[in-house]
Amino acid sequence: WIWWVSSRPAGPGKAPLLWSFATNGAHIVIYAVLSTLAIWAAGDPSRRRLALVLGPCVAASYGVLDEWHQSSVPGRVASWQDVASDVVGGVMAAVLLRWWHCGGPFPLARLLVLSGAGALTVTWAVFG
């Protein structure tokens with residue numbers, strides 16, 4: 001699905017500001033889902049730390065591949081800011097899944113830092 005969406009040429013002209021924030025913010029959500037699926041496919045995150053590392057690595061790798069792919073689609077550009085948003089989503093998923101499976105105090109500080117990083121990457125992607 002990600003590949004299909006990124007294969008669509010961009011429309012003419014500049015997108016409205018709110019739409020730009022929404023589509024760039026979607027990177028975080030979509031790659032968090034991808035990371036979650038990779039973590040679950042690798043095994044129980046409460047017993048396998050490798051699963052928690054694998055998710056963000058899959059998200060980052062696929063993000064780089066997808067940006068490279070977008071560079072050849074008319075009207076689309078590759079951006080490292082999008083890859084950074086992809087990585088933030090992947091790491092957020094790993095932090096939440098670790099907490100979900102292992103318990104302990106809610107990782108609020110980590111999530112706030114990651115949310116701030118996500119906001120910065122999305123803002124940077126919108127305003128260049």
**Asked** Looking at region 58-70, which of its residues are open to solvent by less than 70 Å² (accessible area, probe 1.4 Å) and out of contact with any Leu (no Cβ under 8 Å at 6 or more places or on another chain)?
**Response** Ala60, Gly63, Asp66, Glu67, His69, Gln70
**Request:** May I ask you to say which residue of Phe106, Phe127 is over 18 Å from the mean Cα position of the chain (by Cα), under 20 Å from Ala10 (Cβ atoms) and open to solvent by 70 Å² or more (accessible area, probe 1.4 Å)?
**Result:** Phe127
**Request:** Please indicate, with yes or no, whether at least one residue in region 2-9 is charged (D, E, K, R) and open to solvent by 50 Å² or more (accessible area, probe 1.4 Å).
**Result:** yes
**Request:** Return a yes/no flag: does region 71-82 have any residue that is at pLDDT below 90 and among the β-branched types (Val, Ile, Thr).
**Result:** yes
**Request:** Look at Val113 and say whether it is of a type in the set (Val, Ile, Thr), part of a helix (DSSP H, G or I), at pLDDT 85 or above and closer than 19 Å to Gly128 by Cβ.
**Result:** no
**Message:** Please go through (1) part of a helix (DSSP H, G or I); (2) open to solvent by 50 Å² or more (accessible area, probe 1.4 Å); (3) within 19 Å of Ala125 (Cα to Cα) for Ile28 and return the number of the only condition it doesn't satisfy.
**Reply:** (2)
**Message:** I'd like the full set of residues that are at pLDDT below 90, hydrophobic (A, V, I, L, M, F, W, C) and surrounded by 15 or more Cβ atoms within 10 Å (Cβ to Cβ), limited to region 31-52.
**Reply:** Ile39, Ala42, Ala51, Leu52
**Request:** May I ask you to verify whether Arg98 is outside any helix (DSSP H, G or I), surrounded by 16 or more Cβ atoms within 10 Å (Cβ to Cβ) and at pLDDT below 85?
**Result:** no
**Fill in**
So, first residue without any contact (Cβ under 8 Å) to a residue 12 or more places away in the chain and at positive phi in region 75-104, second residue among the hydrophobic types (A, V, I, L, M, F, W, C) and open to solvent by 30 Å² or more (accessible area, probe 1.4 Å), Cβ within less than 8 Å, six or more apart or across chains; the pairs are none
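The values are calculated or read from the model by the stated rules, or taken from the named source; none is laboratory data. As the structure is a prediction and not an experimental result, all values here were calculated from the model. All Cβ positions, even for glycine, are placed from backbone atoms using ideal geometry, and neighbour counts span all protein chains on display. With ligands, DNA and RNA removed, areas are computed over all heavy atoms of the protein, side chains included. Shrake-Rupley method; radii C 1.70, N 1.55, O 1.52, S 1.80 Å.
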